[in-house]
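Asker: Right, I'll just put the structure down here and ask away after.
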Amino acid sequence: MMSELSKHSMRVLPFFIVAALTSGFSFLGSHPAHVFVFSIFMLSVAAVLLAVSYAERPYSWRQTKTAVSRHSNRMTMIIISASVALTISVLVTHWPLRLSYSLSKASLNRIAKQVTSGTKALSPQSASVFSVTRADVDNGLVCLWIDEDMGEPIGFVQGSLNKIKARFPDYNIIVLDGNWCLVNSL
């Protein structure tokens, strides 16, 4: 028979993994739609695993609850709730992406300055967390592309929000600050 601690771990682990992977994908600048679909799918799998773990033996009203089992169940629910809340916060606010952008902002500004001054930027070029594979100026906007999604670029664009929206009308735009946005196809 499994100990209370191992049952607790098996119930919590899938939710913890979903929260960690969702945060990691967002931190690396993955497409928001991919992060969303991955998170929903994995939360569903974790919920099924949780249901299976609780159904391993029939519930008995006569079964006595010990203080350890009550504490373990309470901790399981707290950790699962925190993992789901963390996953939802990533999907709504993109905070890991904003954190990685903050860590990379100086490097992105340096590369943008090279591109606007006419210096040929090497590619790929490291920008702290991100790897810029292509850099160019398009209609006065500095575009630092970090990836491609089915042939459509994903990257950081520097310029006014109105110009970015006009240039990329069919793209998902995540405003990172007053000067930079993450742009990717819908």
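The values are calculated or read from the model by the stated rules, or taken from the named source; none is laboratory data. Keep in mind that what you see is a predicted model, and the values were worked out from it rather than measured. For neighbour counting, all protein chains shown are included, and Cβ atoms are generated from backbone atoms with ideal geometry for every residue, glycine included.
Asker: Hey, could you check the range 157-177 for residues that are in contact with a Leu (Cβ under 8 Å, 6 or more places away or on another chain) and not in a strand (DSSP E or B) and say which is surrounded by the most Cβ atoms within 10 Å (Cβ to Cβ)?
Answerer: Residues of the range 157-177 that are in contact with a Leu (Cβ under 8 Å, 6 or more places away or on another chain), as a first pass: 157-159, 163-164, 167, 170-176.
Those still in the list that are not in a strand (DSSP E or B) too: 159, 163-164, 167, 170, 176.
Details: Gly159: 19, Lys163: 13, Ile164: 21, Arg167: 16, Asp170: 7, Leu176: 19.
This residue is Ile164.
Asker: Failed condition for Tyr101, given (1) modelled with pLDDT of 75 or more; (2) outside the structural domain of Ile154 (by TED's automatic domain parsing); (3) aromatic (Phe, Trp, Tyr), with all others met?
Answerer: Here Tyr101 meets the rest and fails (2).
Asker: May I pose another question? Looking at (1) closer than 23 Å to Ser185 by Cα; (2) within 24 Å of the chain's Cα centre (by Cα), which is the one condition that is false for Ser128?
Answerer: The number of the failed condition is (1).
Asker: Considering only the range 68-81, I want to know if a residue exists there that is surrounded by 14 or more Cβ atoms within 10 Å (Cβ to Cβ), at pLDDT 80 or above and of a type outside the set (Val, Ile, Thr).
Answerer: no
Asker: Ok, one more. In the range 119-141, which residue that is in a strand (DSSP E or B) and in contact with a Gly (Cβ under 7 Å, 6 or more places away or on another chain) is modelled with the highest pLDDT? Spell out the reasoning first.
Answerer: In the first step, residues of the range 119-141 are kept if they are in a strand (DSSP E or B); the result is 125-127, 130-132, 134-138, 141.
The next check asks that each one be in contact with a Gly (Cβ under 7 Å, 6 or more places away or on another chain); those that pass are 130, 141.
On the way: Phe130: 88, Leu141: 94.
That would be Leu141.
Asker: Moving on. Where residues in the range 131-156 are under 10 Å from Asn184 (Cα atoms) and without any contact (Cβ under 8 Å) to a residue 60 or more places away in the chain, which of them is surrounded by the most Cβ atoms within 10 Å (Cβ to Cβ)?
Answerer: Phe156
Asker: Would you confirm, using the coordinates I've provided, whether Pro153 is more than 29 Å from Leu43 (Cβ to Cβ) and part of a strand (DSSP E or B)?
Answerer: Numbers: more than 29 Å from Leu43 (Cβ to Cβ): yes; part of a strand (DSSP E or B): yes.
Judged against the criteria, Pro153 is a match.
Asker: So, one more: Run down Leu108, Leu144 and say which single residue is outside any strand (DSSP E or B), modelled with pLDDT of 85 or more and on the phi < 0 side of the Ramachandran plot.
Answerer: Exactly one of Leu108, Leu144 is outside any strand (DSSP E or B), modelled with pLDDT of 85 or more and on the phi < 0 side of the Ramachandran plot, namely Leu108.
Asker: A further question on this structure: Does Ala166 satisfy the condition of being over 25 Å from the mean Cα position of the chain (by Cα), more than 17 Å from Ala33 (Cβ to Cβ) and outside the structural domain of Phe27 (by TED's automatic domain parsing)?
Answerer: yes
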